[in-house]
Amino acid sequence: MMLFAAAVIALACLACFYRVIAGPTVPDRMAAVDVTGLLIAMLMVLLASHFGFSPFYDIVLVYAALLFVDIMIMAKYLEYKELYR
Amino acid sequence: MDVLQIIAYTLIMLGTGFCVIAVVGMLRFPDVYTRYHAGTKGVTAGNLLILAGVAIVEWSLLISLKLLLIAIFFFMTNPVATHAIARAAYRSRSSFPCLFIDAYREYVQRRLRYSEAEGEEDEAAATEDVSP
């Protein structure tokens, strides 16, 4: 059951990666990267629960923090076209 | 299979359905802001449901508290990140042809007129001029 949910999430992640490649504008691609990262985090949680490998939960926490910082830096760069401001 | 596991797997399947619906909205909606709408709400709800289901399946104190921490983190940061992307998408002028009713532009121009009437050289207000 857990593995089935992981497979569905992985297929959804691949389908969302299409929007990263074929997005018409840059903010489309950024939102698609955000959704893809969140789905990868959920995939890691489901696989960790299925295989009983508990250090993955720490990795998911750090991955979520890095994803948030990543998205904020990309948004700031898109808004101001420079980072130091 | 007892009642707790049935509840947990129902939550996980419901969260997976939310994620799939969010991705379908991300692929099928026509412009930028509707894609934000689909992505942020659907994926946040799906993540919270999946984390609650996995926390019930694991049912140990350390792992369940860790999953609760991940859920709180997602619940706080995902709307903030999407709001930042939407603000940047508006102000970088890369998404104007899809707007029909633009209420935020009136706000920005009113702030710009106010700062000009004050006579102060506000650099932040000068960059907020979004007239195309």
Q: Compute, for B:S115, the solvent-accessible surface of its heavy atoms (probe 1.4 Å) with the complete set of protein chains present, and express it in square angstrom to the nearest 10.
A: 10 Å²
Q. For the range B:3-96, what number results from the quotient of the Cα radius of gyration and 2.2 N^0.38 Å?
A. 1.28
Q. Per residue of B:103-110, what is the mean number of Cβ atoms on other protein chains within 10 angstrom of that residue's Cβ?
A. 0
Q.
Relative contact order for chain A: what percent, with Cα pairs under 8 Å and sequence separation of 6 or more?
A. 27 percent
Q: May I ask you to rank A:F68, A:F53 by accessible area, largest first, using a 1.4 Å probe over the protein chains only?
A: A:F53, A:F68
Q.
Can you work out the Karplus-derived ³J(HN,Hα) for every residue in the range B:38-52? Use 6.51 cos²θ - 1.76 cosθ + 1.60 with θ = phi - 60°, whole Hz, and x for glycine or proline.
A. 5, x, 6, 6, x, 6, 5, 5, x, 5, 5, 5, 5, 5, 5
**Q.** Average beta-carbon neighbours from other chains, 10 Å sphere, peptide B:78-87
**A.** 6
Q) In peptide B:15-26, what is the residue-averaged number of other protein chain Cβ atoms found within 10 Å of each Cβ? A) 6
Q) Taking θ as phi - 60°, what are the ³J(HN,Hα) couplings along the range A:49-61 by the Karplus curve (6.51, -1.76, 1.60), each to the nearest whole Hz, with x for Gly and Pro? A) 6, 6, 8, x, 10, 6, x, 4, 5, 5, 5, 5, 4
(Q) Based on alpha-carbon centroids, what's the gap between the range A:17-85 and the range B:1-57 in Å, whole number please? (A) 16 Å
Q. Give me the Kirkwood hydrodynamic radius of chain A in Å, from all C-alpha pairs, to one decimal place?
A. 14.1 Å
Q | Average projected area [Cα convex hull, the protein assembly as shown], square nanometres | A | 13.9 nm²
Q.
Quick check: with the 1.4 Å probe, what order do A:M74, B:M26, A:M1 take by accessible area, largest first?
A. A:M1, A:M74, B:M26
Q: Please tell me the relative contact order of the range B:1-119 in percent, rounded to the nearest whole number, where contacts are Cα pairs under 8 Å and at least six residues apart.
A: 25 percent
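The values are calculated or read from the model by the stated rules, or taken from the named source; none is laboratory data. Just so you know, these numbers come straight off a predicted model, no measurement behind them. Virtual Cβ from ideal backbone geometry, glycine too; neighbours counted across all protein chains shown. Note: areas computed on protein heavy atoms with side chains; ligands, DNA, RNA excluded. Shrake-Rupley method; radii C 1.70, N 1.55, O 1.52, S 1.80 Å.
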